[in-house]
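The values are calculated or read from the model by the stated rules, or taken from the named source; none is laboratory data. Remember, predicted model here, so these are calculated numbers, not experimental data. Methodologically, a virtual Cβ is constructed for each residue, glycine included, from the backbone with ideal geometry; neighbour enumeration extends over all protein chains shown. Areas reflect the complete protein model, heavy atoms only, side chains present, ligands, DNA and RNA absent. Shrake-Rupley method; radii C 1.70, N 1.55, O 1.52, S 1.80 Å.
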Amino acid sequence: MMAEGGLVNMETLQESFKKFAAYGDTKATGNEMTGKNWAKLCKDCKIIDGKTVTSTDVDIVFSKVKAKTARVITFAEFKNALAELAPKRFKGKSKEESIEAAYKLIAGKDPASVGVT
């Protein structure tokens with residue numbers, strides 16, 4: 001069932017989180033995401049646009065949302081990270097709209113495999 005205005009289904013978003021979180025690691029559960037995979041997600045899903053959001057921004061936000069000693073982020077922290085980046089990426093939209101727009105970029109996406117056409 002779709003919400004009003006076509007809100008992104010959290011399950012679909014979490015599916016994509018899991019795919020990116022487990023990318024390149026056969027043992028990964030997909031419940032936690034490394035900084036490397038977070039950067040890949042932001043690149044593959046066009047959160048990084050090279051203008052308003054850069055890979056530096058993405059790294060800074062990752063450090064900000066994760067637990068102090070942690071080297072990974074959870075799905076909840078991932079959503080916090082997107083909430084930080086979205087208003088930068090979608091200037092002129094309300095915070096809610098920008099977060100929704102960021103979710104839409106990610107939901108349903110798979111990691112782009114390098115060299116696969």
Inside the range 26-65, can you point out the residues that are in a loop (DSSP other than H, G, I, E, B), without any contact (Cβ under 8 Å) to a residue 24 or more places away in the chain and either open to solvent by 70 Å² or more (accessible area, probe 1.4 Å) or touching a helix residue (DSSP H, G or I) at 6+ places or on another chain (Cβ under 7 Å) (or both)?
T26, K27, A28, T29, G30, I48, K51
Scan the range 16-69 residue by residue and report those that are of a type in the set (K, R) and closer than 18 Å to Y103 by Cα.
K18, K19, K40, K43, K46
For the range 93-116, how many residues meet the condition of being touching a residue at least 40 places away in the same chain (Cβ under 8 Å) and assigned to a loop (DSSP other than H, G, I, E, B)?
6
Would you point out which residue out of V65, V53, V61 is touching a strand residue (DSSP E or B) at 6+ places or on another chain (Cβ under 8 Å) and not small (G, A, S)?
V65
The range 74-92 residues that are under 18 Å from K19 (Cα atoms), paired with ones that are β-branched (V, I, T) and open to solvent by less than 60 Å² (accessible area, probe 1.4 Å) (beta carbon under 8 Å, 6 or more apart)
E77/V65; F78/V65; A81/V61; A81/V65; A81/I73; L82/I47; L82/I99; L82/I106
So, A112, is that one modelled with pLDDT under 95 and either surrounded by fewer than 17 Cβ atoms within 10 Å (Cβ to Cβ) or more than 11 Å from the chain's Cα centre (by Cα) (or both) or not?
yes
